[in-house]
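The values are calculated or read from the model by the stated rules, or taken from the named source; none is laboratory data. What you see is a predicted model, and the numbers here were worked out from it, not measured in a lab. Every residue, glycine as well, gets a Cβ built from its backbone with ideal geometry; the counts of neighbours run over all protein chains shown. Side chains are part of the model used for accessible areas, which takes the heavy atoms of the whole protein and leaves out ligands, DNA and RNA. Shrake-Rupley method; radii C 1.70, N 1.55, O 1.52, S 1.80 Å.
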Protein chains: 2
Amino acid sequence: MSLNVMAESDQFNPAFLQQLKVLRDQALDSQLAYEITESLTTEVGARLAGSPGDAKAVAWAQAKFKELGFDRVMTEPVPLKRWTRGQETARILSPFPHNLAITALGRTHPTPDEGITAEVVHFATLADLQAADKSEVAGKITFISERMVRSQDGSGYGKAVAGRGLTAQVTAAKGGVAAIIRSIGTDNNRTPHTGGARYDKDIPSVPAGAISNPDADLLVNMLKRNKPVTLQLKLTSHWDGDYTSQNVIGDMLGSEKPDEYIVIGCHLDSWDLGTGALDDAAGCGITMAAAKLIHDTIGPLKRTIRVVLWANEEYGISGAIAYHEAHKNELKQHILGGESDLGADKIYALGTRVAESALPTVDTMMSLLKPLDIEYAGNQGSSGADLIPMRRAGMAVFGLKQDASSYFDYHHTANDTLDKINPESMAQNVAAWIVVTALAAEADHDFGFGLSEE
Amino acid sequence: MSLNVMAESDQFNPAFLQQLKVLRDQALDSQLAYEITESLTTEVGARLAGSPGDAKAVAWAQAKFKELGFDRVMTEPVPLKRWTRGQETARILSPFPHNLAITALGRTHPTPDEGITAEVVHFATLADLQAADKSEVAGKITFISERMVRSQDGSGYGKAVAGRGLTAQVTAAKGGVAAIIRSIGTDNNRTPHTGGARYDKDIPSVPAGAISNPDADLLVNMLKRNKPVTLQLKLTSHWDGDYTSQNVIGDMLGSEKPDEYIVIGCHLDSWDLGTGALDDAAGCGITMAAAKLIHDTIGPLKRTIRVVLWANEEYGISGAIAYHEAHKNELKQHILGGESDLGADKIYALGTRVAESALPTVDTMMSLLKPLDIEYAGNQGSSGADLIPMRRAGMAVFGLKQDASSYFDYHHTANDTLDKINPESMAQNVAAWIVVTALAAEADHDFGFGLSEE
């Protein structure tokens, strides 16, 4: 008897566990997740919420779920305020003319059509801008040059991204006329990183954009010469009325408890600069493939496996909010949830946030995940952004942590395209999602509800 | 007595050789080349021949030569036909709408303002297009998808670039309406690679552009679905009248033979998408620094060290042609020539094309280059593009071969920016250029003239 088998919980039928191990290993050779991702990125491509790509993606998702043989395919309406990208140019006029690669931050206001021309004032970090006197900022375009640090867990993102979120509001509060930031990314490409800025309709804000890392380097070098730097900024992206998108849901129905759901999935929308391959077509491919392979190879499990392709994660988690609202009377039927939304590189850890009583099943998960080089990251785990409303309302969650070392080279840029995905790494993801999803769907117990958030 | 010293030719003063070795090693710690490169890319940036950046670069170069203490700074006029970049967009209209990242190929004709819309016909290589029947091509936009192969010596470029040169003419000859190619580059960025297409005023041609590697992958994947792919192409780049640029020349005068020249240098122009850091501000930094450090540390050598910053290498080697014409009566005073024009990564080999009688001095060069991990590549060497007219007329040349493994990730793209340069690798270049330049300037003999081209 191997160590793995010893660690397994007694609740599962040995034949089921054996089937699951075989499927896990077969999944490592499966191209299905990659094929689904290729299909979404090729046949739809960019799919910013509210854009023509949004509706195309919804149609694609319904057709794909049906093609894959999901038992039940549904859409649920997601109302949202639409934000539409416009022109975006940045030109240093003096002392040395240059065109900068820039992209508007999501949810920001437009400049006038003729643009805004003003002197640049430089801050190393958001904290420095926050500490600055209004007289330093008034009438100027602020520039935060903090660079994101690369790491396996992507934690550099959280540190740097506060500048993206807040600079437009902080700049406005100090009398600045516009804001630019160094892109929140780890690459050296002239492909600026977009992403959402904080938006509150009652808080003043200014037009804001991110310039690419090489452009930020150039601007820093220019500013070192201690001559005034004048920038002309045109960013015509803007709020653009109301829109109704859709969450698209594919269910593989449970045999014993069809009204209990293991909720996995991805977000269907993407930023508009690339084809949203890593963010988050990959997550769709991984989770759709996992459900499909479980269904075809093992058959129906006790609970329903629900794959949700969430609408408008990127600038509002609108799909998550709408789903939570629509299902608030049946939240306790959502037994465990996870989202794949950090690219397609290999998974190195499982984190959970489940009841103590469910930890033996987590041990079983780990015994099947260890051959995939996946460690346990503890029971203080988080979840994807789209599970935040339900997690806060009490749902148990898990996270299969992907190696994010290169993810932020491409995240939210024109470079987020299919070629960035290694099919072999992606298949390892599918194998891991199969293990966790199938064991949760087949478990005799629930995973707790109303767990405290630390 | 070391092996190195044993290999050295007797013609050189031992004190000079000792000074040269000390300088070679000091140069490894010098930041001068990087500082010059930072200056050109920051204070001028893009400098397409005939653009506003061209005149700024000429002014920058004169000022920089003077600041560095060159004995004689000159400009020489370079007439050229100007080519100006316009708008450039490519959009797949059906079966799946996508915007492609595209850039016009240099020297190509514009589309009408409303663009050209036609079906795409795909060829794996230029040879396949050349072999195609006119009926396959007539009325269509051709697409060549051959991918450049990465290698240390950059030889993949020569193989793939024929498509860039010829597709516009071949497509026109077969009745096609426009041509696109997969970028000639080794990266996976959405930064298409421009570059010159062949132009002959009497040969029909069509508008032509290069799409980025990820866009080429997307288009190939779409074409695999066997549905007609319709592309709308707008490329308004065009020929734009006459212009006079300048070669900028800095001389460090020789003490004994001031009218004999060791010609080193770079090209001053760049493509317009990036700041031309690797191509070819780096070559300017390396060769200007080499001449400056020789002058300041060792003093005047017997011959003049002439640093030429060539005008419009990129779409016509106009500066090279003008210089050859202006100096054709004194070509034999051009003793040896070399150009630095393949980025800033480390040099791994010296190639020469010199008289047999000069090979003992090449041996001396090699004895001083070996500590820099530089091998000898033989006496069938080539030269930079700007030395082609003088080499063909008989001038002896050398080439310090740089590792080009990553060069074609950035070459002719928006990504050709300062951050791609490693200052330490660049300093190794300077050390090598110092060795070859100083020994050639101090040698008692010439390096031959009228050597055969194989």
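Assorted remarks:
- All positions within the stretch B:255-276 that are within 14 Å of another protein chain (Cβ to nearest Cβ) and within 16 Å of residue B:58 (Cα to Cα): B:270, B:271, B:272, B:275, B:276
- Residues of the stretch B:331-351 that turn out to be farther than 13 Å from residue B:429 by Cα and free of Cβ contacts under 8 Å to residues at least 60 places away in the same chain, as a count: 1
- For the stretch B:348-367, the count of residues that are under 30 Å from residue A:212 (Cβ atoms) and either touching a Leu at 6+ places or on another chain (Cβ under 8 Å) or within 14 Å of chain A (Cβ to nearest Cβ) (or both) is zero.
- Residue in the stretch A:93-102 that is farther than 12 Å from residue A:176 by Cα, over 34 Å from the mean Cα position of the chain (by Cα) and in a strand (DSSP E or B) present: yes
- Subset of the stretch B:389-412 [in contact with a Gly (Cβ under 8 Å, 6 or more places away or on another chain), over 17 Å from residue B:429 (Cβ atoms) and surrounded by fewer than 24 Cβ atoms within 10 Å (Cβ to Cβ)]: B:390, B:391, B:394, B:409
- When restricted to residues that are in contact (Cβ under 8 Å) with a residue 12 or more places away in the chain, buried (at least 17 other Cβ atoms within 10 Å of the Cβ) and within 14 Å of chain A (Cβ to nearest Cβ), the stretch B:217-243 contains 4.
- Within the stretch B:373-388, restricting attention to residues that are crowded, with 20+ Cβ neighbours inside 10 Å and touching a residue at least 40 places away in the same chain (Cβ under 8 Å), the residue that is nearest to residue B:269 (Cα to Cα) is B:386.
- Test: residue in the stretch A:216-229 that is in a strand (DSSP E or B), closer than 30 Å to residue B:277 by Cα, at pLDDT 95 or above and touching a Ser or Thr at 6+ places or on another chain (Cβ under 9 Å): no
- Any hit, the stretch A:204-216, residues being over 23 Å from the mean Cα position of the chain (by Cα), surrounded by fewer than 20 Cβ atoms within 10 Å (Cβ to Cβ) and away from chain B (no Cβ under 11 Å): yes
- Selection status of residue B:73, buried (at least 22 other Cβ atoms within 10 Å of the Cβ), touching a helix residue (DSSP H, G or I) at 6+ places or on another chain (Cβ under 6 Å) and closer than 30 Å to residue B:295 by Cα: no
- Residue check, residue B:378 modelled with pLDDT of 95 or more and within 18 Å of the chain's Cα centre (by Cα): no
- Unmet criterion (only one of (1) open to solvent by 10 Å² or more (accessible area, probe 1.4 Å); (2) under 26 Å from residue A:331 (Cα atoms)) for residue A:283: (1)
- One residue stands out in the stretch A:183-203 among those that are away from chain B (no Cβ under 14 Å), not charged (D, E, K, R) and not in a strand (DSSP E or B): the one that is farthest from the chain's Cα centre (by Cα), namely A:203.
- Any hit, the stretch A:253-268, residues being among the charged types (D, E, K, R), part of a loop (DSSP other than H, G, I, E, B) and buried (at least 24 other Cβ atoms within 10 Å of the Cβ): no
- Output for the stretch A:99-133, where each listed residue is more than 20 Å from residue A:196 (Cβ to Cβ) and within 14 Å of chain B (Cβ to nearest Cβ): A:99, A:100
- Inside the stretch B:412-452, residues that are assigned to a loop (DSSP other than H, G, I, E, B), in contact with a helix residue (DSSP H, G or I) (Cβ under 7 Å, 6 or more places away or on another chain) and more than 14 Å from every other protein chain (Cβ to nearest Cβ) make up a count of 4.
- Taking first residues from the stretch B:273-287 that are within 24 Å of residue B:191 (Cα to Cα) and of a type in the set (S, T, N, Q) and partners that are at pLDDT 95 or above and not in a loop (DSSP other than H, G, I, E, B), the Cβ contacts under 8 Å between residues at least 6 apart in sequence or on separate chains come to B:275/A:98; B:275/A:218; B:275/B:41; B:275/B:42; B:275/B:281; B:275/B:418.
- Scope the stretch A:179-193; condition touching a strand residue (DSSP E or B) at 6+ places or on another chain (Cβ under 6 Å) and open to solvent by 10 Å² or more (accessible area, probe 1.4 Å); matching residues: A:192
- Within the stretch A:119-139, residues that are without any contact (Cβ under 8 Å) to a residue 24 or more places away in the chain have Cβ atoms under 9 Å from residues that are loosely packed, with under 13 Cβ neighbours inside 10 Å in these pairs: A:123/A:131, counting only partners at least 6 apart in sequence or on another chain.
- All positions within the stretch A:58-77 that are farther than 9 Å from residue A:246 by Cβ and under 20 Å from the mean Cα position of the chain (by Cα): A:60
Quick grid of which residues meet (1) outside any helix (DSSP H, G or I); (2) at negative phi; (3) small (Gly, Ala, Ser):
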{"residue": "A:136", "(1), (2), (3)": "no, yes, no"}
{"residue": "A:147", "(1), (2), (3)": "yes, yes, no"}
{"residue": "A:150", "(1), (2), (3)": "yes, yes, no"}
{"residue": "A:158", "(1), (2), (3)": "no, yes, yes"}
{"residue": "A:161", "(1), (2), (3)": "no, yes, no"}
{"residue": "A:166", "(1), (2), (3)": "no, yes, no"}
{"residue": "A:169", "(1), (2), (3)": "no, yes, no"}
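- Test: residue in the stretch A:310-319 that is more than 23 Å from residue A:294 (Cα to Cα), within 15 Å of the chain's Cα centre (by Cα), of a type in the set (A, V, I, L, M, F, W, C) and surrounded by 19 or more Cβ atoms within 10 Å (Cβ to Cβ): yes
- Any hit, the stretch A:9-29, residues being within 14 Å of chain B (Cβ to nearest Cβ), hydroxyl-bearing (Ser, Thr, Tyr) and open to solvent by 10 Å² or more (accessible area, probe 1.4 Å): no
- Taking the criterion of being surrounded by fewer than 24 Cβ atoms within 10 Å (Cβ to Cβ), within 14 Å of another protein chain (Cβ to nearest Cβ) and of a type in the set (A, V, I, L, M, F, W, C), the residues of the stretch B:49-65 that qualify are B:55, B:59, B:60, B:63.
- Filtered residue count, the stretch A:103-121, keeping only those that are open to solvent by less than 30 Å² (accessible area, probe 1.4 Å) and either among the acidic types (Asp, Glu) or not in a strand (DSSP E or B) (or both): 4
- Residue selection: residue A:163 fails the criterion of being crowded, with 20+ Cβ neighbours inside 10 Å and touching a residue at least 60 places away in the same chain (Cβ under 8 Å).
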